[in-house]
Amino acid sequence: MNWGSWSEFWSMGGSAFFVWGSYGVAFALIAVELVLVLRRRKHVIHRLQKLRRAAKATAARKEIRQ
Amino acid sequence: MLEVTELACLRGDRLLFADVNLTVSPGELVRIGGPNGVGKTSLLRLLCGLSLPEHGAVRWHGRRIDRHRDAFHQDMLYLGHSAALNDLLSPIENLRFAAATHGRDAHEATCEAALERIGLSLQRDLPAKVLSQGQRRRVGLARLYLSEDVPLWILDEPFVALDVDAVRDLAEWLDAHCARGGMVVMTTHQDVPFRTAVRLFDLAEAAC
Amino acid sequence: MLEVTELACLRGDRLLFADVNLTVSPGELVRIGGPNGVGKTSLLRLLCGLSLPEHGAVRWHGRRIDRHRDAFHQDMLYLGHSAALNDLLSPIENLRFAAATHGRDAHEATCEAALERIGLSLQRDLPAKVLSQGQRRRVGLARLYLSEDVPLWILDEPFVALDVDAVRDLAEWLDAHCARGGMVVMTTHQDVPFRTAVRLFDLAEAAC
Amino acid sequence: METPQRFSLFRYAAPHMFYPLAGKMAPWFLAIAGVLTLIGLYLGFFVAPTDAVQGEVYRVIFIHVPAAWMSMFVYLVMAFWSAVGVVFNTRLSAMMAQALAPTGAMFCFVALWTGALWGRPTWGAYWVWDARLTSQLLLLFLYFGFIALTRAIEDPRRADRAGAILSLVGALNVPVIYFSVKWWNTLHQGASVSLTKAPSMATTMLWSMLVMALAAWAYTIAVTLWRVRSLILERERHTEWVGEVLDAAGERA
Amino acid sequence: MLSVFFEVLRRDLLLAWRNRADVMVTLAFFTIVACLFPFGVGAEPNLLRTIAPGVLWVAALLATLLSLHRLFAQDHTDGVLEQLLLSPEPAVLWVLAKVLAHWLTTAVPLIAAAPLLALLFDMEQSATGVLILSLALGTPILSLLGAVGAALTLGLRGGGMLLALLVLPLFVPILIFGAGAVDAHLSGTGAAAHLLLLGGGSLAALALAPWACAAALRIAVE
Amino acid sequence: MLSVFFEVLRRDLLLAWRNRADVMVTLAFFTIVACLFPFGVGAEPNLLRTIAPGVLWVAALLATLLSLHRLFAQDHTDGVLEQLLLSPEPAVLWVLAKVLAHWLTTAVPLIAAAPLLALLFDMEQSATGVLILSLALGTPILSLLGAVGAALTLGLRGGGMLLALLVLPLFVPILIFGAGAVDAHLSGTGAAAHLLLLGGGSLAALALAPWACAAALRIAVE
Ligand code: HEM
Ligand SMILES: Nc1ncnc2c1ncn2[C@@H]1O[C@H](COP(=O)(O)OP(=O)(O)OP(=O)(O)O)[C@@H](O)[C@H]1O
Ligand SMILES: Nc1ncnc2c1ncn2[C@@H]1O[C@H](COP(=O)(O)OP(=O)(O)OP(=O)(O)O)[C@@H](O)[C@H]1O
Ligand SMILES: [Mg+2]
Ligand SMILES: [Mg+2]
């Protein structure tokens, strides 16, 4: 084990900014990407469902006209 | 012979039309009808291979046009909403360039005759950008007078912006093309009298 | 009242027309006639002050329009060959912007009603660039339905690319404008039936 | 004998077959990525010893190097899929290329960012014009170009084809860029520091780096599969099976 | 009356938002031009630090220049400009709105990105501050004068390039004072005089350029 | 078949001639960018001599880049491109003709003007020769790769800037070898290797780029 205490761990031998800055940004970006990917899927499904309903409605209207 | 089978066209989120079936035989003049925005221009662009269909196929003499593009383009002439003129070139230069790049007869005299015919001899050497709306359109249409031997003409609203004389003249020329066994597929909202029996293909029926 | 006196127009080396005299009074529908390239568009652009005449003057209620530009523009609406739409904005946004920048009523509801009227409610939120030729034209014309109280309408080929229903509808609206004392100056090559007596001003006679 | 085998190979190239498969696999890969990350971080921070020269700051390496590797590899994979799409005219491959791009760009940025933060204490500057750093920066631009182009084209089918052309042209250029930048750097004797003077690796360091790299792999696969599912739905929306998927999703909601 | 100003401003900002790629890409151009230099002149850190303020200012100037042609071009081709000129409201108002929108969507991102690029060239922290300040005070002049150039060359063939030819000589003094501010700061003489001149220039341009621009636009549509 | 090639080449050269302003202005841009630098970085002769090859190459690269967007833009908006794509002749032919016309009308003037600008930066005579040679061998790659970028971004909003983003990373190697050739010559190692690589790159681009370009154009009009 390298660290005597948690505070020693967090200070990273004086390089806390550089080490945690690296990991922090990296994991933040990964988190953001995951959120974006899931949100995109929700958006796409929502949008396509709306289109599908609209298409069904026009098809029905056309049926009635004929 | 142009054959269209089960054609469907998607633009953005909207399926414009589906299951369009159409056959055009020599001597026929087909007019694609339908209100604004029904998809006439989109259909013509599919017919001439500028865009790819969502479903279905277009065949020329039994061969798919996307597989035998060059042979099809040899037999086809398309005029769209725009006149395809370069603004800096004169009518005669534009005409010669169009003919030459399509491998057609592009002699000075032939082009002059076509310009004469559309009544632009006077504007022969003006840059195209100063022409009036109707004159631009006429230069675009002059290509028809150089393409007697091209069997299939696909024309998008050819009569727009033309004055009455020009409309009459063009209608006669289309008649003549059909009479010599050519095919014309076109759209127009104007009521133009043809001698040939016009076959109306109402796109509104195929619209989704 | 619009008065045109001794107007002459020079384009490049060519004097298109000279000595054009024309008066348009309330309730009149004037159609500028003449073949392609005679100078109709050039004349309309002179009338609305977009270009300056070689000779002669245009007066609105007795005052030269080049000296009292803002007052004249308050009373005038011009629609040219192009529909003046931004391709990225939707029809409704384009319409609102046009109305707002001309100091006209630009409420959402008013614009919606105009769009409804021209049959583009479905396309309300599409970017204008995907509209068809006729639909673009319709959005341009929708401004007419927001401008009842603008006395002078100057329209360059308003019927181009419109389908039959739209042509009929627009003709009725122009009739209505004249009936309520408005003035319309327009060009068209198409044969459109109006209820108002159309005064034909044949530009070919003034052409040089 | 041969025909059925080929059939099974190409079967999953059909979007409607691939869609459910991707949906099933993605969570597993994400789980693997999570576990590997935890192991890697544990090894990196608690097992690997302090570096004699650099002290603790070297621990950036466990995110820096996997990200750098990943960013380069992803671009090659993108080009591979584009080539497959152009040659075999399969729709799925272009979608794969597009689904990979954002993750590749993300890793590329992470490599640059962590490298810059590492550079400050070691070289005294956030940035030097070292060959490897520079080619990494250019790679980021290539990613941005690809993403910007495919976003700028609205019609998805057009975007797919344009993206394929671009990534192929770019991939042909990647080695050219890499070697020219290297040559440029040696010619100019530019940065007085160089990456090749890496801290001598302890075995534990190497292991934790490798574990983190594997985690990045698993993560990339998971995210790409998820993204490609959305792309498939958009492009196939007029097919029967997408309709069923949508209806099923509607019932669940 | 002011409603025209806000209406046009709102629309142009909306268009910029719809067209985010455009804005991002101006920025990308700025970045790339700045990044090209080391490849051309070599990676020697001291040399790079010396030429950094000049290179960044030149890059900002070129990026602004290239974005200028789209200030009126779209409106000109689609006929909206004609309609704006036929509006009963004074033209200076909406011209000003368009220029402001242009500045907000091109110059501001450049200013925001400059510190990052300064890092690439390893510039001093305080010098970076002066660079930012000089860009903030100088870029409005670029947008205003550039708008006049854009209006004058509107619709002419080779317009984009002609524009460059017209306005670059006008931009030289701004470049000199802008890059000079940083150098003056580094040499210890202080950048105050340079910055004041840039600010004064901005105000003068603000007072005069819109009128010239409106007049030029009237000529362009004729 | 070849007649299409010559017909398009002739037309594009004719248009360039009608449009002389455009060609002159590319050149003017090259000159002005090169001349801006002394204002930006200060007039110290040694410094200027050091950065001269780099600055000139960067300027040439930017000038080419900016002229690229007009390679297909006009034909696209006025519908000529559609008609060319509907021609029964192979598209690579006329694409090649257009690229050649572009190179003749933009790169060649730049190459001709370079010695003069080298004089401004007080470059050595023999180094100037190498610069010219490197430009002559390198600019065809710029035109060919650039044409692919221009075709890919055709008709997209923000196209000009997007184009810059796409092709600049691809241009970096050319810049490195181009400016590197002069440095290598000056440092005595000889420029032969650099020049050979540039020539080889030109041939490779000539063989591949037109196909990519034609495919991209088909996508653009769809
Ligand atoms: C912005 C700055 C940096 C960037 C863009 C960058 C980029 C890269 C890249 C692309 C690699 C993978 C190369 C390969 O495997 O061939 C790499 C590996 C590596 N980098 Fe960095 N780096 C940066 C800064 C640093 C710094 C400051 C250090 C430490 C002093 C460093 C140490 C390493 C090490 C040790 C490797 C692994 C080397 C190997 O596997 O052979 N990097 N970096
Ligand atoms: N991205 C999109 N999303 C939704 N609808 C679209 C999209 N792109 C095009 N459209 C629609 O597709 C249709 C295009 O029609 P097209 O231009 O083929 O019409 P047209 O029949 O030629 O009409 P016109 O008579 O006016 O020329 C329009 O109704 C347009 O609104
Ligand atoms: N620089 C020039 N030199 C010579 N003639 C010119 C020049 N500029 C324009 N013209 C001519 O001026 C006329 C312009 O006409 P205008 O556009 O007003 O016609 P129009 O009556 O509206 O025609 P259309 O019915 O076709 O719209 C054209 O005949 C054109 O050839
Ligand atoms: Mg149409
Ligand atoms: Mg007209």
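The values are calculated or read from the model by the stated rules, or taken from the named source; none is laboratory data. What you are looking at is a predicted structure, and each value in this text was computed from that prediction instead of being measured. Cβ sites come from the backbone with ideal geometry, for glycine too, and all protein chains shown count toward neighbours. Accessible surface areas use protein heavy atoms only, side chains included; no ligands, DNA or RNA. Shrake-Rupley method; radii C 1.70, N 1.55, O 1.52, S 1.80 Å.
Miscellaneous remarks
- Only one entry of D:TRP127, D:TRP113, D:TRP69 meets the criterion of being at pLDDT below 90, over 22 Å from F:ARG218 (Cα atoms) and within 16 Å of ligand 1 (Cβ to nearest atom), and that entry is D:TRP127.
- Test result for C:LEU162, modelled with pLDDT of 95 or more, surrounded by 14 or more Cβ atoms within 10 Å (Cβ to Cβ) and within 12 Å of another protein chain (Cβ to nearest Cβ): no
- The sole residue among D:VAL110, D:VAL86 that is among the aliphatic types (A, V, I, L, M), at the interface with another protein chain (Cβ under 9 Å from one of its Cβ atoms) and open to solvent by 20 Å² or more (accessible area, probe 1.4 Å) is D:VAL86.
- When F:GLY138, F:GLY178, F:GLY155 are screened for being open to solvent by 10 Å² or more (accessible area, probe 1.4 Å) and within 14 Å of chain E (Cβ to nearest Cβ), only F:GLY155 passes.
- Filtered by the rule that a residue be touching a residue at least 40 places away in the same chain (Cβ under 8 Å), buried (at least 16 other Cβ atoms within 10 Å of the Cβ) and not small (Gly, Ala, Ser), region D:23-54 gives D:PHE29, D:LEU30, D:ILE32, D:LEU36, D:THR37, D:ILE39, D:LEU41, D:LEU43, D:ASP51, D:GLN54.
- The set of residues from region C:165-199 being of a type in the set (Asp, Glu) and open to solvent by less than 30 Å² (accessible area, probe 1.4 Å) comprises just one member, C:ASP175.
- When B:ALA106, B:ALA71, B:ALA57 are screened for being at pLDDT below 95, more than 16 Å from ligand 2 (Cβ to nearest atom), more than 13 Å from the chain's Cα centre (by Cα) and in a helix (DSSP H, G or I), only B:ALA71 passes.
- Count - residues of region D:154-169 that are facing another protein chain (nearest Cβ under 7 Å) and open to solvent by less than 10 Å² (accessible area, probe 1.4 Å): 1
- Selection over region F:10-26 of residues that are buried (at least 19 other Cβ atoms within 10 Å of the Cβ) and either within 15 Å of the chain's Cα centre (by Cα) or more than 24 Å from E:LEU162 (Cα to Cα) (or both) gives a count of 4.
- Annotation note: Cβ proximity below 8 Å between a residue of region E:184-200 that is closer than 15 Å to E:ILE174 by Cβ and a residue that is aromatic (Phe, Trp, Tyr) and open to solvent by 60 Å² or more (accessible area, probe 1.4 Å) (sequence gap 6+ or interchain) occurs for E:HIS194/E:PHE177; E:LEU197/E:PHE177; E:LEU198/E:PHE177.
- Scanning region A:1-55 for residues that are of a type in the set (Phe, Trp, Tyr), more than 8 Å from chain D (Cβ to nearest Cβ) and buried (at least 17 other Cβ atoms within 10 Å of the Cβ) returns no hits.
- The residue list A:ALA59, A:ALA28 contains one member that is at pLDDT 90 or above and part of a helix (DSSP H, G or I), which is A:ALA28.
Per-residue answers, yes or no, for (1) surrounded by fewer than 21 Cβ atoms within 10 Å (Cβ to Cβ); (2) more than 16 Å from ligand 3 (Cβ to nearest atom); (3) of a type in the set (Asp, Glu):
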residue: B:GLU108; (1), (2), (3): yes, yes, yes
residue: B:LEU115; (1), (2), (3): no, no, no
residue: B:ILE118; (1), (2), (3): no, no, no
residue: B:ARG124; (1), (2), (3): yes, no, no
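- Close pairs from region E:1-12: first within 17 Å of C:HIS107 (Cβ to Cβ), partner among the β-branched types (Val, Ile, Thr), Cβ under 8 Å, at least 6 apart: E:VAL4/C:THR101; E:GLU7/C:THR101
Yes/no matrix, rows are residues, columns are (1) more than 16 Å from ligand 1 (Cβ to nearest atom); (2) free of Cβ contacts under 8 Å to residues at least 40 places away in the same chain; (3) part of a helix (DSSP H, G or I):
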residue: C:ALA99; (1), (2), (3): yes, no, yes
residue: C:PRO158; (1), (2), (3): yes, no, no
residue: C:ALA176; (1), (2), (3): yes, yes, yes
residue: C:GLN190; (1), (2), (3): yes, yes, no
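- Residue under evaluation F:ILE32, criteria (1) more than 7 Å from every other protein chain (Cβ to nearest Cβ); (2) more than 30 Å from B:CYS48 (Cα to Cα); (3) open to solvent by 30 Å² or more (accessible area, probe 1.4 Å); (4) part of a helix (DSSP H, G or I), criterion not met: (1)
- Selection count where residues are in contact (Cβ under 8 Å) with a residue 40 or more places away in the chain, within 14 Å of chain E (Cβ to nearest Cβ) and touching a Ser or Thr at 6+ places or on another chain (Cβ under 7 Å), scope region F:61-101: 3
- For D:TYR58, the criteria (1) open to solvent by 10 Å² or more (accessible area, probe 1.4 Å); (2) touching a residue at least 24 places away in the same chain (Cβ under 8 Å) hold in every case but one, which is (1).
- Members of region C:187-208 found to be closer than 23 Å to B:ARG168 by Cβ, within 14 Å of another protein chain (Cβ to nearest Cβ) and either among the aromatic types (Phe, Trp, Tyr) or away from ligand 2 (no atom under 16 Å from the Cβ) (or both), listed by number: C:THR187, C:THR188, C:HIS189, C:ASP191, C:VAL192, C:PRO193, C:LEU200, C:ASP202, C:LEU203, C:ALA204, C:ALA207
- Residue in region D:25-45 that is under 30 Å from D:ALA162 (Cβ atoms), more than 13 Å from every other protein chain (Cβ to nearest Cβ) and out of contact with any Cys (no Cβ under 6 Å at 6 or more places or on another chain) present: yes
- Which numbered condition B:ARG117 misses (of (1) within 25 Å of B:ARG45 (Cβ to Cβ); (2) away from chain C (no Cβ under 12 Å); (3) in contact (Cβ under 8 Å) with a residue 24 or more places away in the chain; (4) more than 16 Å from ligand 5 (Cβ to nearest atom)): (1)
- Helices (runs of 4 or more DSSP H) contained in region E:54-130 and holding at least 3 residues open to solvent by 30 Å² or more (accessible area, probe 1.4 Å): E:73-77, E:91-102, E:108-120
- The lone exception for D:GLY119 - which of (1) part of a helix (DSSP H, G or I); (2) open to solvent by 30 Å² or more (accessible area, probe 1.4 Å); (3) at pLDDT below 90 it fails: (2)
- Filter result for A:ARG61 (farther than 28 Å from D:ILE63 by Cα, more than 9 Å from every other protein chain (Cβ to nearest Cβ) and open to solvent by 60 Å² or more (accessible area, probe 1.4 Å)): yes
- Of all residues in region D:211-243, those that are free of Cβ contacts under 8 Å to residues at least 60 places away in the same chain and more than 10 Å from chain A (Cβ to nearest Cβ) total 1.
- Within region C:25-54, being under 30 Å from B:ILE118 (Cα atoms) and either not assigned by TED's automatic domain parsing to the domain that holds C:GLY182 or not in a loop (DSSP other than H, G, I, E, B) (or both) holds for C:VAL30, C:ARG31, C:ILE32, C:GLY33, C:LYS40, C:THR41, C:SER42, C:LEU43, C:LEU44, C:ARG45, C:LEU46, C:LEU47.
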